[in-house]
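Read the structure below first, then the notes.
The values are calculated or read from the model by the stated rules, or taken from the named source; none is laboratory data. The structure presented is a predicted model; accordingly, all values stated were derived computationally and were not measured. Heads up, the Cβs are rebuilt from the backbone with ideal geometry, glycines too, and the neighbour counts pull from every protein chain shown.
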Amino acid sequence: MKEKDRISTGKAWLIVLISLIDDIVILAVIVLAVWYFKIRLPLWAWIVIGLLLLGFIFVRTWLVVPALRRKKITGAEGMLGLTCEVIEALTPQGVVRIGVEYWRAVSLEGEIGPGEEVEIVEIERLKLGVKRKS
């Protein structure tokens, strides 16, 4: 698998911090509305509101960061690492089958005969780069 399929922890946290901007705006609107309409809230109410907002932010962040770092499983990126069967000999081009689909493929390790299992290591447009399964 290519390491570029995953994003770094620093980049994931930067995305989360940027997404927190809307929470800060919501909090500012609430505070400004309370101030503008001269609503008096006791200290305990402010503490409860703050704890609820912090809890929401924490839980959302705790769930979002792992999802951002997870490997992609759809599209072309999701095909990398899949095993397929050679249908037409790869000399170096041929045809492989993934499930019920047939794909053009290029062998990156020389000739590969029909019936052998190969692994997808790269995708260029609609052509797969494959190597023998190790």
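Hey, any hits in the stretch 85-107 for a residue that's among the charged types (D, E, K, R) and either in contact (Cβ under 8 Å) with a residue 40 or more places away in the chain or in contact with a Phe, Trp or Tyr (Cβ under 7 Å, 6 or more places away or on another chain) (or both)?
Taking every residue of the stretch 85-107 in turn, none turns out to be among the charged types (D, E, K, R) and either in contact (Cβ under 8 Å) with a residue 40 or more places away in the chain or in contact with a Phe, Trp or Tyr (Cβ under 7 Å, 6 or more places away or on another chain) (or both).
Return the total of residues in the stretch 117-134 being out of contact with any Lys or Arg (no Cβ under 7 Å at 6 or more places or on another chain) and either assigned to a loop (DSSP other than H, G, I, E, B) or not aliphatic (A, V, I, L, M) (or both).
Adding up the residues that qualify gives 8.
Hey, could you check the stretch 78-110 for residues that are surrounded by 14 or more Cβ atoms within 10 Å (Cβ to Cβ) and β-branched (Val, Ile, Thr) and say which is nearest to residue 12 (Cα to Cα)?
Per the criteria, the residue is 98.
Quick one: residue 100 ticks every box in (1) at pLDDT 95 or above; (2) over 30 Å from residue 17 (Cα atoms) except a single one, so which number is it?
(1)
For the stretch 65-77, what are the residues that are surrounded by 13 or more Cβ atoms within 10 Å (Cβ to Cβ) and free of Cβ contacts under 8 Å to residues at least 60 places away in the same chain?
Scanning the stretch 65-77 gives 65, 76.
Name, by its number, the condition in (1) in the same structural domain as residue 8 (by TED's automatic domain parsing); (2) surrounded by 15 or more Cβ atoms within 10 Å (Cβ to Cβ) that does not hold for residue 58.
It is condition (2) that residue 58 fails.
State the number of residues belonging to the stretch 98-133 that are more than 24 Å from the chain's Cα centre (by Cα) and of a type in the set (Lys, Arg).
Result for the stretch 98-133: 4.
Any chance the stretch 111-121 includes a residue that's modelled with pLDDT under 90 and under 30 Å from residue 12 (Cβ atoms)?
no
Out of the stretch 105-131, which residues are farther than 17 Å from residue 83 by Cβ and of a type in the set (Lys, Arg)?
125, 127
Can you find a residue in the stretch 30-47 that is over 24 Å from residue 9 (Cα atoms) and surrounded by 15 or more Cβ atoms within 10 Å (Cβ to Cβ)?
Yes: the stretch 30-47 contains one or more residues that are over 24 Å from residue 9 (Cα atoms) and surrounded by 15 or more Cβ atoms within 10 Å (Cβ to Cβ).
Where in the stretch 11-101 are there helices (runs of 4 or more DSSP H), lying fully within it, with 2 or more residues that are over 18 Å from residue 123 (Cα atoms) and in contact with a helix residue (DSSP H, G or I) (Cβ under 9 Å, 6 or more places away or on another chain)?
Fully inside the stretch 11-101 and qualifying: 21-36, 43-69.
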